[in-house]
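Notes follow once the structure below has been shown.
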Amino acid sequence: MSNSWSNWSGFVTASPKLIASPADAGELGDLVRTAPGPVRVVGAGHSFTPLVKSEGTIVSLEKLEGLVSHDSANNRARVRAGTRLGALMHILQGIGQGLPNMGDIDRQAIGGALGTATHGSGPTLGAYHTQLETVQIVDGLGKIREFKRSSDQDMIHATGVALGAFGVLSEVTMNNIATYRLRRRKWVLPIADMLRDFETMMTAHRSAEFYYIPFSGYAQFIASDLSEAATTTRPTEDDEGSLRTLRRLRTGLAWLPSLRRALITGAVKKVPAEDYVQDWLNVYASDRQTRFNEMEYHLPFEDGPKALAEIIDLTEKRFPEVYFPMEVRSVAPDRFWLSPFYERPTCSIAIHHDAANDPLPFMRAAEPIFRKYGGRPHWGKMHSLKADDLKKLYPRWDDAMAVRRDIDPHNRFISPYMAGLFGIQS
Ligand SMILES: Cc1cc2nc3c(=O)[nH]c(=O)nc-3n(C[C@H](O)[C@H](O)[C@H](O)COP(=O)(O)OP(=O)(O)OC[C@H]3O[C@@H](n4cnc5c(N)ncnc54)[C@H](O)[C@@H]3O)c2cc1C
């Protein structure tokens, strides 16, 4: 009987010989040593690229989850790498700790989020991997190895963002912060104003991001700042309802683009502003039900507005089928060798395409714009780059590859897709 696996969007499928869920690091080590290769680890399968695809073995860490220990004095928590972010939030809240920042959803496993440099938004806030204090991995020989920031900083920087190819993370210790509250505000403004005031608006808040609604000329800006005020009700979100409306207008008015634009603009201008205060774990994540495929590139911060203007122009001139809002965020620089934020203040621009349709023509047309600005692709989102392109974008590429060879001398974690990314002859 063959096994089948697919990612969240359904774009990537695999028929591995084995799908396994080890119960502890010892069993995980045995699998890495003996299971049919290549051995690829899956978190929640929310990446859009074939990172997890394997015709050998896919290893899920769903049984390796939960809190191992914590240190209240330093706001540190050690957790098993299969822990989903949604569970992690509640574990941390229960011990008086909080994640400093989060992305749009809480479905990912922490190992998977670390693996692709998953991030939220905020000019001084790093992606999840910047919180790493220790990592425990099972290497390509099935041996458990542990690295600490205090004594093995290079190994933390090499293995913190590693695409499941530098060993399997079994446990990680994260540096968190004390629980906190955020005041979150949302409002709509013309995209021309947003692009003009980009730097001021994106740096005036602890966290700021915005969505551009295609064919509307308007953006929705979201700002979050620390607050000690009493909590208020978070307005009920209707992102799914808004998407349905945008899709209906796209489909129903395909031959009347000016009416489509007028109706979308009218609807967006009427979206009410929001202003509420909530505990950190009730603010960041949203529900995403409508399936899509996504490309996100991380650009030098200052190039964000120019690149976005070109992406909007491309979309509105040539891709009338697009209706998902584009998401624009900022991320603080870090020192992790395969982090797309390596030593660069970043503006991240994400474009989305309905999972029911072929995303590739749109993605292929947009990618040269991102690349022109020296963009580094999100590891978990669609891109076409291979080792020769990537090497030029990552100053510590060769060092990272040397560490990878040491951790995985027999290429147990190297699938054909990974071989292309890393330039390994398979
Ligand atoms: C609806 C949606 C919303 C999203 N929002 C955001 C967002 O706001 N910000 C953002 O940056 N990204 C976002 N993403 C992308 C997503 O966060 C990343 O693709 C992330 O890697 C997915 O986590 P996962 O647990 O599903 O990992 P998977 O996709 O299963 O795996 C990702 C990579 O991590 C590796 N991996 C998994 N577990 C381990 C482990 N224990 N040890 C070593 N390697 C491991 C895998 O081998 C693979 O290479 C979103 C994706 C979707 C579908």
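Some values worked out for this structure:
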quantity	calculated
Set Glu55, Glu27: member being more than 29 Å from Leu360 (Cβ to Cβ) and either outside the structural domain of Ile110 (by TED's automatic domain parsing) or buried (at least 21 other Cβ atoms within 10 Å of the Cβ) (or both)	Glu27
Top-ranked residue in the range 299-351 [being among the hydroxyl-bearing types (Ser, Thr, Tyr) and within 30 Å of Met401 (Cα to Cα); ranked as farthest from the ligand (Cβ to nearest atom)]	Tyr342
Set Ile137, Ile110, Ile105: member being outside the structural domain of Leu281 (by TED's automatic domain parsing), under 30 Å from Pro272 (Cα atoms) and either within 10 Å of the ligand (Cβ to nearest atom) or of a type in the set (D, E, K, R) (or both)	Ile105
The range 32-47 residues that are on the phi < 0 side of the Ramachandran plot, paired with ones that are away from the ligand (no atom under 14 Å from the Cβ) and among the basic types (Lys, Arg) (beta carbon under 6 Å, 6 or more apart)	Pro36/Lys17
Sole residue being surrounded by fewer than 19 Cβ atoms within 10 Å (Cβ to Cβ), of a type outside the set (Phe, Trp, Tyr) and either part of a helix (DSSP H, G or I) or within 14 Å of the ligand (Cβ to nearest atom) (or both), chosen from Ala192, Ala165	Ala192
Flag for Val188 being modelled with pLDDT of 95 or more and in the same structural domain as Gly112 (by TED's automatic domain parsing)	no
Single unsatisfied condition, Ala44 versus (1) under 21 Å from Ile144 (Cβ atoms); (2) within 11 Å of the ligand (Cβ to nearest atom); (3) not β-branched (Val, Ile, Thr)	(1)
Enumeration of residues in the range 106-159 that are in a strand (DSSP E or B) and of a type in the set (S, T, N, Q)	Thr134, Gln136
Matching residues, the range 252-263, being exposed (fewer than 12 other Cβ atoms within 10 Å of the Cβ) and over 14 Å from Phe319 (Cβ atoms)	Trp255, Ser258
Every residue from the range 1-12 that is in a strand (DSSP E or B) and either closer than 14 Å to Leu64 by Cβ or not hydroxyl-bearing (Ser, Thr, Tyr) (or both)	Trp5
Residues of the range 413-426 that turn out to be within 15 Å of Glu55 (Cα to Cα) and under 25 Å from the mean Cα position of the chain (by Cα), as a count	7
Scope the range 390-426; condition in contact with a helix residue (DSSP H, G or I) (Cβ under 8 Å, 6 or more places away or on another chain) and of a type in the set (Asp, Glu); matching residues	Asp398, Asp399
Condition check for Ala81: within 11 Å of the ligand (Cβ to nearest atom), buried (at least 24 other Cβ atoms within 10 Å of the Cβ) and outside the structural domain of Ala332 (by TED's automatic domain parsing)	yes
Leading residue by the ranking (surrounded by the most Cβ atoms within 10 Å (Cβ to Cβ)) among those in the range 218-250 that are small (Gly, Ala, Ser) and more than 24 Å from Leu308 (Cβ to Cβ)	Ser227
Matching option when the condition is farther than 30 Å from Tyr394 by Cα, more than 17 Å from the chain's Cα centre (by Cα) and of a type in the set (D, E, K, R), among Asp303, Asp275	Asp275
Positions within the range 269-292 being in contact with a His (Cβ under 8 Å, 6 or more places away or on another chain) and within 9 Å of the ligand (Cβ to nearest atom), in sequence order	Phe292
Selected residue [in contact (Cβ under 8 Å) with a residue 60 or more places away in the chain, closer than 28 Å to Ser207 by Cβ, touching a strand residue (DSSP E or B) at 6+ places or on another chain (Cβ under 9 Å) and of a type outside the set (Asp, Glu)] from Arg344, Arg376	Arg376
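A quick yes/no check of all residues on (1) within 30 Å of Leu246 (Cβ to Cβ); (2) surrounded by fewer than 21 Cβ atoms within 10 Å (Cβ to Cβ):
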residue	(1), (2)
Asp313	yes, yes
Arg329	yes, no
Tyr342	no, no
Phe362	yes, no
Lys386	no, yes
Asn411	no, yes
Met418	no, no
Ile424	no, yes
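The values are calculated or read from the model by the stated rules, or taken from the named source; none is laboratory data. These numbers come from a predicted model, not from an experiment. Here the Cβ is made from the backbone with ideal geometry for all residues, glycine too, and neighbour counts use every protein chain on show.
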